[in-house]
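Here is the structure we will look at, set down as structure tokens.
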Amino acid sequence: MTEIIAVAVITVLAVISPGADFAMVVRNSYLYGRTTGLLAAAGVAAGVLVHVTYTMLGVGLLIASSTALFTAIKLAGAAYLVYIGIRTFFARNDLTVDLESKPALTRFGALRTGFFTNALNPKTTLFVVSTFTQVVGPCTGLWRQAGYGLFMSAAHLGWFALVALFFSHAQLRTAMLRWQKVLNRSIGSVLVGLGVTLGLAR
């Protein structure tokens with residue numbers, strides 16, 4: 001499996017797995033409309049870049065200073081992928097989102113909400129670190145790493161923009177949630193498989 005394919009598969013599966021970002025975008029889109037939801041999605045994408053930046057710096061230092069420590073973190077990252085895969089597989093079939101009426105958000109407020117929801121989310125930290133430690137090696141150039149980070153951010157923007165479009169319409173959100181159980185089982189199975197495969201790869 002090439003680096004690019006590994007990054008793409010892990011990122012897409014992690015992005016579409018429901019979590020804090022998903023619940024926040026759903027809530028904003030449902031309560032305040034399409035524009036607010038899209039701005040929240042943009043904020044999430046910006047938050048991902050924060051995680052990517054410090055991860056790139058940290059992984060680079062690890063590779064340069066200690067191969068053994070980098071290998072240990074790589075294995076821990078693979079174990080985390082297996083863990084979130086199992087958690088996703090057995091996740092509840094319904095998503096709980098706070099839909100109580102709140103004061104209207106400004107455009108900046110919507111963007112800020114998305115940004116801080118992601119930037120302060122430890123699960124995103126683990127996702128980005130796990131992904132980078134699986135695919136980044138001594139021969140991986142800085143520009144390629146930056147490309148991986150931009151792809152992660154763009155994937156978040158694309159997916160959550162789609163979520164915002166769906167959940168700003170009452171008729172569509174029911175259809176989107178109808179397949180949540182199947183989606184969770186599929187994502188969980190693939191993540192476990194990826195974690196095991198990447199953890200055993202040399």
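The values are calculated or read from the model by the stated rules, or taken from the named source; none is laboratory data. Keep in mind it's a predicted model, so treat the numbers as computed, not measured. FYI the Cβ positions are ideal-geometry reconstructions off the backbone, even for glycines, and counts take in every protein chain you see. What goes into the accessible areas is simple: the full protein's heavy atoms, side chains included, and nothing from ligands, DNA or RNA. Shrake-Rupley method; radii C 1.70, N 1.55, O 1.52, S 1.80 Å.
Among residues of segment 24-43 being at pLDDT below 80 and not basic (Lys, Arg), the one that is least open to solvent (accessible area, probe 1.4 Å) is 31. Checked against the criterion of being in contact (Cβ under 8 Å) with a residue 24 or more places away in the chain, closer than 17 Å to residue 27 by Cα and assigned to a helix (DSSP H, G or I), the candidates 162, 157 yield just one match: 157.
Evaluated against (1) surrounded by fewer than 24 Cβ atoms within 10 Å (Cβ to Cβ); (2) touching a Leu at 6+ places or on another chain (Cβ under 6 Å); (3) at pLDDT 80 or above, residue 46 falls short on exactly one condition, (2).
Taking segment 117-144 as the search range and keeping residues that are under 30 Å from residue 28 (Cα atoms) and small (Gly, Ala, Ser), which one is surrounded by the fewest Cβ atoms within 10 Å (Cβ to Cβ)? Out of the qualifying residues, it is 119.
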